[in-house]
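See structure below.
The values are calculated or read from the model by the stated rules, or taken from the named source; none is laboratory data. This one's a predicted model, so the numbers in the text were calculated from it and none came from an experiment. Heads up, the Cβs are rebuilt from the backbone with ideal geometry, glycines too, and the neighbour counts pull from every protein chain shown.
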Amino acid sequence: MRTQKLIFIGWFILVGMLLIGCNPSNPDNMIGLQIYSMTTGVGAADNNDIMDKQKLSYSITLTNEENRDIYVKSITPILGDGISNIVITEELTVIVEKSLPANQSLKINDELIIDTEGLSKEEILDLQPFITDIKISTEQIIELPGQQ
């Protein structure tokens, strides 16, 4: 009888631990701003034939998955290791300053100049991924309780 109680308690603890481990409130699963689409392209800078400088253009679609508006202040691309050492553009932050309505999307385009002197087309492509992440700065107003 005592062995059965210990087995029952052991199963109860095991099931409890499994349920806690599957808790959906994990911050990695939170909704909010999402990027479902991003494109990049490399081409000649300033419409000239000089290939020492290339333009890296990118476009992202930022989607607000919240059920409230989110004010997007700016975005900053986080560059991959291969390309970060050859970027000429000093300021990578894109000022957005727009309210993104709930369940809507916003397309953001920008470009930066890279120094490709001495690099072949294949060597430039080998620098991928050009952008690994996007840092997003937002602003939020939180109402204080009882201040209505």
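Of the residues I134, I113, only one is in contact with a Leu (Cβ under 9 Å, 6 or more places away or on another chain) and within 12 Å of Y58 (Cβ to Cβ); which? Can you show your working first?
Numbers: I113 fails: within 12 Å of Y58 (Cβ to Cβ).
Being in contact with a Leu (Cβ under 9 Å, 6 or more places away or on another chain) and within 12 Å of Y58 (Cβ to Cβ) holds for just one of I134, I113, which is I134.
Within segment 49-78, residues that are within 21 Å of E90 (Cβ to Cβ) and in a loop (DSSP other than H, G, I, E, B) reach partners that are among the hydroxyl-bearing types (S, T, Y) and at pLDDT below 95 with beta carbons closer than 8 Å, at six or more positions or on different chains, in the pairs D52/T116. Residues in segment 49-62 that are more than 18 Å from L125 (Cα to Cα) and buried (at least 16 other Cβ atoms within 10 Å of the Cβ): I60, L62.
Annotation: I141 fulfils all but one of (1) touching a residue at least 40 places away in the same chain (Cβ under 8 Å); (2) surrounded by fewer than 16 Cβ atoms within 10 Å (Cβ to Cβ); the unmet one is (1).
Can you spot a residue in segment 88-95 that is under 25 Å from G32 (Cα atoms) and either basic (K, R) or part of a strand (DSSP E or B) (or both)? Yes, because at least one residue in segment 88-95 is under 25 Å from G32 (Cα atoms) and either basic (K, R) or part of a strand (DSSP E or B) (or both). The residue that is farthest from V42 (Cα to Cα), counting only those in segment 59-78 that are within 15 Å of the chain's Cα centre (by Cα) and polar (S, T, N, Q), is N64.
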